[in-house]
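Engineer: The structure that follows is given in the form of structure tokens.
What follows draws every value from the coordinates through simple rules; no lab data is involved. Remember, it's a predicted structure, so these values are computed and weren't measured experimentally. Please note: Cβ atoms are built from the backbone with ideal geometry, for glycine as well, and neighbour counts cover all protein chains shown.
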Amino acid sequence: MSYRLRVNPITCEAHGMCAELLPERISLDEWGYPLLGEEPLDPVLVDHARRAAAACPTFALLLQRERQPR
Amino acid sequence: MSRAQSTYPEQPTRTTRPPVGLPRLLAGVPAHGSLDLSEHHSLHGPLPEMTRFRRRRSELIAEIEQAGLRGRGGASFPTAQKLEAVAASRGRPVVVINAAEGEPASSKDATLTRALPHLILDGGELAAQSLGASELIVAVNDSAIAGFESLATAIAERGTPARRSARIRLVGVPDRYVTGQETALVSHLNGGSALPTFAPPLPFEHGVARRPTLVSNAETFAHIALIARHGARWFRELGTSAQPGSALVTLSGPVAYPGVYEIECGAPLGSVIDAAGGLSAPARALLLGGYGGSWVPAEHLEDLCFSAEQLAPYGASPGAGVIVVLSEAACPVAETARLARWLAGESAGQCGPCLHGLGALATTLETIAGQDAHAATRERVEQLLALVRRRGACAHPDGAARLIQSAIDTFQSEFDEHARYGTCERCLAPPELVLGQPRRTRHLSTRRASLNPARRP
């Protein structure tokens with residue numbers, strides 16, 4: 001089972017919490033919006049990713065379970 | 001003989017035999033006003049009774065699948081697949097005819113709604129019947145008054161819908177670039193703002209009133225109306241095997257007769273321009289697919305054919321059939337800067353990367369086009385393009401990035417010239433690309449009309 005990060009760009013307001021809590025995968029662009037990689041999440045990082053998603057003030061960061069593992 | 005037909009062909013002929021060759025959709029288009037119900041029936045024959053399709057509801061879908069019809073709103077998605085997805089979702093479906101045309105360079109939907117309202121309503125009714133839909137909604141731009149009026153007249157003319165069949169509703173949509181986008185339209189129809197929403201859920205699962213909703217372009221429904229009458233084999237008589245049938249294109253720029261033309265899919269673009277009376281000025285490039293599309297240098301004009309596979313090597317696609325010719329008298333750098341500023345203004349402003357990124361792109365391109373060209377570099381543009389792509393809820397930033405990228409690639413020599421010498425004498429030429437009216441208010445009021453023939457005397 002693999003997980004993938006997604007951001008809802010409409011609700012995201014560039015608080016930047018996610019990049020603080022998951023710097024391994026999330027960096028911020030020049031306006032403070034998160035840049036996420038396309039590839040599935042490393043299993044080691046899943047707990048951190050869950051924490052980052054929970055910490056997002058607008059719940060814009062989504063941790064989605066992949067339907068078909070690649 | 002030319003393979004393209006103008007908007008103004010001969011008078012309606014009194015036959016209901018399947019038309020051979022072109023025009024198909026644009027047969028009998030009057031120069032002014034619209035075809036009324038009797039004229040429409042004498043031209044195309046009555047709406048096929050669903051007896052042919054009643055035995056199994058999916059027979060229309062099967063026919064459309066065999067015909068290989070693809071959506072004509074720009075994304076070119078197989079229509080049968082979309083119908084099937086709606087049919088497979090839970091709940092009684094809603095069918096939406098999308099005639100909201102945000103693209104300033106396109107006027108095919110305006111032509112269809114103004115002149116041939118019964119053809120698109122036929123297609124909508126057939127789709128609604130085959131899906132067992134409860135409602136058929138026609139979405140038209142607020143500014144398209146002629147289309148609004150001819151549709152309203154046509155809906156009244158068709159009379160009370162039969163029991164258990166779909167109620168027809170005509171709805172105005174604010175004039176903006178993004179309002180014709182599927183999720184924006186559904187949001188508007190649900191009483192929200194006419195802005196794109198985060199997907200999933202897509203409209204085929206949860207659309208209007210959270211019901212499975214089929215949203216397709218008006219031209220797609222016009223093709224459905226003819227496929228139901230004449231069959232898939234007839235549809236495939238024109239076009240290529242991957243892209244069968246005919247398509248509507250909107251041609252603008254320095255040609256003798258700009259306008260909406262019906263062409264065979266896969267036809268050479270040169271034949272469309274010939275049908276429009278040829279070029280009235282030397283062309284520098286062609287914009288295909290609208291303001292979210294791609295530029296192709298005019299020297300390739302002879303090789304260009306209107307189909308996805310033949311345009312792919314040039315990084316272009318037929319999209320919603322928009323062809324804009326840019327003359328050699330215009331400065332492509334200045335035009336690109338103006339277009340980028342307009343696209344930035346048309347951002348819904350919901351997603352940060354699109355809001356900030358398109359604005360920054362427009363500013364950078366304006367600097368390149370302006371006096372102090374050396375202050376902004378093309379590397380900065382490339383950097384911003386990477387920050388914009390695939391980072392919005394809808395495809396608006398992707399389309400804008402595609403257009404700017406293709407402008408930089410196509411007009412490399414002009415961009416180099418600007419970087420070295422600053423403004424050119426062509427910068428002073430009047431703007432060629434039509435960008436529509438600047439939007440006045442952030443929250444646009446909209447005209448809504450509910451026409452229920454059942455309640456009419």
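Engineer: Rounded to the nearest 5, what is the percent of antiparallel bridges among the DSSP beta bridges in chain B? Walk me through the intermediate numbers first.
Structural biologist: Numbers: 21 of 42 bridges.
Roughly 50 percent of the DSSP beta bridges within chain B come out antiparallel.
Engineer: With the calculation restricted to Cα positions, what are the radius of gyration and Dmax of the range A:3-65 in angstrom?
Structural biologist: 10.3, 29
Engineer: Quick one: if you stick a label point 7 Å off each Cα along the C-beta vector at B:Glu299 and B:Asp274, how many nm between them?
Structural biologist: Label-label distance for B:Glu299 and B:Asp274, simple model: 2.3 nm.
Engineer: Using 17 Å as the cut-off for backbone N distance, which residues of the range B:349-363 belong to the label zone defined by a point 7 Å from the Cα of A:Leu28 along Cα→Cβ?
Structural biologist: Answer for the range B:349-363: B:352-354, B:356-357.
Engineer: What does the charge count around A:Leu61 come to, taking other residues whose C-beta lies under 11 Å from its C-beta (Lys +1, Arg +1, Asp -1, Glu -1)? Please list the in-between numbers first.
Structural biologist: Details: positive: A:Arg6, A:Arg25, A:Arg50, A:Arg51; negative: none.
Result for the neighbourhood of A:Leu61: +4.
Engineer: Can you tell me the length gained on complete extension of the stretch B:Leu428 to B:Asn190, counting 0.36 nm per residue apart and subtracting the Cα distance?
Structural biologist: Working: separation 238, 0.36 × 238 = 85.68 nm, distance 4.58 nm.
Stretched out fully, the B:Leu428 to B:Asn190 stretch lengthens by 81.1 nm.
Engineer: Now a separate question. For the range B:332-428, what is the largest minus smallest coordinate of the Cα atoms on each principal axis, given in angstrom and ordered from greatest to least?
Structural biologist: 39, 21, 21
Engineer: Please say if chain B is rounded, prolate or oblate, where rounded means a/c under 1.5 for a ≥ b ≥ c the square roots of the C-alpha gyration tensor eigenvalues, and otherwise the choice is prolate for a/b larger than b/c and oblate otherwise? Mind dumping the intermediate values first?
Structural biologist: Details: a/c = 1.99, a/b = 1.49, b/c = 1.34.
In terms of gyration-tensor shape, prolate.
Engineer: When a/c reaches 1.5 or more, the comparison of a/b and b/c decides; with that in mind, is the protein assembly as shown rounded, prolate or oblate per its Cα gyration tensor?
Structural biologist: Note, shape of the protein assembly as shown comes out oblate.
Engineer: Assuming a ≥ b ≥ c are the square roots of the Cα gyration tensor eigenvalues, decide whether the range B:275-329 counts as rounded (a/c under 1.5), prolate (otherwise, with a/b larger than b/c) or oblate.
Structural biologist: Values: a/c = 1.63, a/b = 1.54, b/c = 1.06.
Prolate is the answer for the range B:275-329, as a/c is 1.5 or above and a/b outweighs b/c.
Engineer: How long is the gain from B:Ser76 to B:Ser42 if the chain were fully straight, where each residue apart is worth 0.36 nm and the alpha carbon distance is subtracted? It would help to have the intermediate numbers written out before the result.
Structural biologist: Details: separation 34, 0.36 × 34 = 12.24 nm, distance 3.11 nm.
Going from the current span to full extension adds 9.1 nm.
Engineer: Pop a pseudo-label 7 angstrom from the Cα along the beta-carbon direction at both B:Ile145 and A:Gln64 and give the gap in nm to one decimal.
Structural biologist: My value for the distance between the label points is 4.4 nm.
Engineer: Note the angle between two axes, namely the Cα long axis of helix B:79-88 and the longest principal axis of the Cα atoms of chain B, as a number of degrees from 0 to 90, rounded to the nearest 10.
Structural biologist: Between helix and principal axis, roughly 60 degrees.
Engineer: Also, I was wondering about something else. Find, among the trypsin sites (Lys or Arg not before Pro) in the range B:137-216, those assigned to loop by DSSP (not H, G, I, E, B) with at most 13 other beta-carbon atoms within 10 angstrom.
Structural biologist: Values: sites: B:Arg158, B:Arg163, B:Arg164, B:Arg167, B:Arg169, B:Arg176, B:Arg210; in loops: B:Arg163, B:Arg164, B:Arg176.
Loop-located and lightly packed - B:Arg163, B:Arg164.
Engineer: If each residue's Cβ is checked for other Cβ atoms within 10 Å, how do B:Glu299, B:Glu59 rank with the fewest at the top? Can you show the working numbers first?
Structural biologist: Details: B:Glu299 10, B:Glu59 15.
Arranged by neighbour count, lowest to highest, B:Glu299, B:Glu59 become B:Glu299, B:Glu59.
Engineer: If you don't mind, another one. Using a 7 Å offset from the Cα along the Cα-to-Cβ direction at both A:Glu20 and B:Thr160, what is the distance between the two label points in nm, to one decimal?
Structural biologist: Result for the modelled spin labels: 6.5 nm.
Engineer: Using alpha-carbon pairs under 8 Å, 6+ residues apart, how would you state the relative contact order of chain B in percent? Mind showing how you got there, number by number?
Structural biologist: Values: 970 pairs, mean separation 78.9, N = 457.
Computed over chain B, the figure is 17 percent.
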